[in-house]
Amino acid sequence: MIPAPADASAATPVQEEGAGSAGISPVGRVFAVIALLEALTWAGLLVGMFLKYVTGTTEAGVWLFGRLHGGMFMVYVVMTLVAAVSLRWRWWVALLALLASVPPLVTLPLEIWLRRTGRLARRPRA
C-alpha cells in the first residue's frame, strides 16, 4: 500500500485564483444564469418549431418559447455588455459572447469556457 501524505492539504489540487465557482463574481454568476436561461429558451423554441413544422400538432410551443426566447435574448445581450465592462473582458471576448447568442445552445459552452478561464471573476484594476 502507498502511505497517505503527512499533510492532507498536499494531496488536494490547488485551484487557481479566479478560476472555478469559488472565484466567480456576482456579475459573473448573473451572467451564467442568464446564459443558461437563454439556452433553455432556445431549446424550448426548437422543440416548439419541431412540433409546429414537423409533426404539425401544435403552435403553442413556438408562441410561448418565441416570446420567452426573444426576451431572454435581449436580457442576455444587455448582461453580456454589463459583464464585459464590469469584468474587464477584452473586446474579442465580449464579441464572442455576443455572437454565441445567435446559434442555438452556444451560450452553454461559452459560459463553461468563461468560467474555466477565470473570465467570470472580477479582475483587479491595473
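The values are calculated or read from the model by the stated rules, or taken from the named source; none is laboratory data. What you are looking at is a predicted structure, and each value in this text was computed from that prediction instead of being measured. Don't worry about glycine lacking a Cβ; one is built from the backbone with ideal geometry, like all the others, and counts go over all protein chains shown.
Scanning segment 81-124 for residues that are of a type in the set (D, E, K, R) and surrounded by fewer than 13 Cβ atoms within 10 Å (Cβ to Cβ), which turns out farthest from the chain's Cα centre (by Cα)? Only one residue tops the list, namely ARG90. Annotation note: Cβ proximity below 7 Å between a residue of segment 47-61 that is of a type outside the set (Phe, Trp, Tyr) and a residue that is surrounded by 14 or more Cβ atoms within 10 Å (Cβ to Cβ) and in a loop (DSSP other than H, G, I, E, B) (sequence gap 6+ or interchain) occurs for LYS52/GLU59. Being surrounded by 16 or more Cβ atoms within 10 Å (Cβ to Cβ), touching a residue at least 24 places away in the same chain (Cβ under 8 Å), over 13 Å from the mean Cα position of the chain (by Cα) and part of a helix (DSSP H, G or I): is that true of LEU37 here? Criteria not met by LEU37. Within segment 79-99, the set of residues being free of Cβ contacts under 8 Å to residues at least 12 places away in the same chain and among the aliphatic types (A, V, I, L, M) comprises VAL85, LEU95, LEU99.
Looking at ARG88, ARG67, just one residue is basic (Lys, Arg) and either at pLDDT below 95 or outside any helix (DSSP H, G or I) (or both), and that residue is ARG88.
One residue stands out in segment 47-61 among those that are part of a helix (DSSP H, G or I) and either touching a Leu at 6+ places or on another chain (Cβ under 7 Å) or not β-branched (Val, Ile, Thr) (or both): the one that is farthest from PRO104 (Cα to Cα), namely ALA60. Looking at this structure, is PHE50 at pLDDT 95 or above and farther than 26 Å from PRO26 by Cβ? Here the answer is yes, as PHE50 does meet what is asked. Taking segment 23-34 as the range and being within 21 Å of LEU99 (Cβ to Cβ), of a type in the set (Val, Ile, Thr) and touching a residue at least 40 places away in the same chain (Cβ under 8 Å) as the test, the residues that pass are VAL27, VAL30, ILE34.
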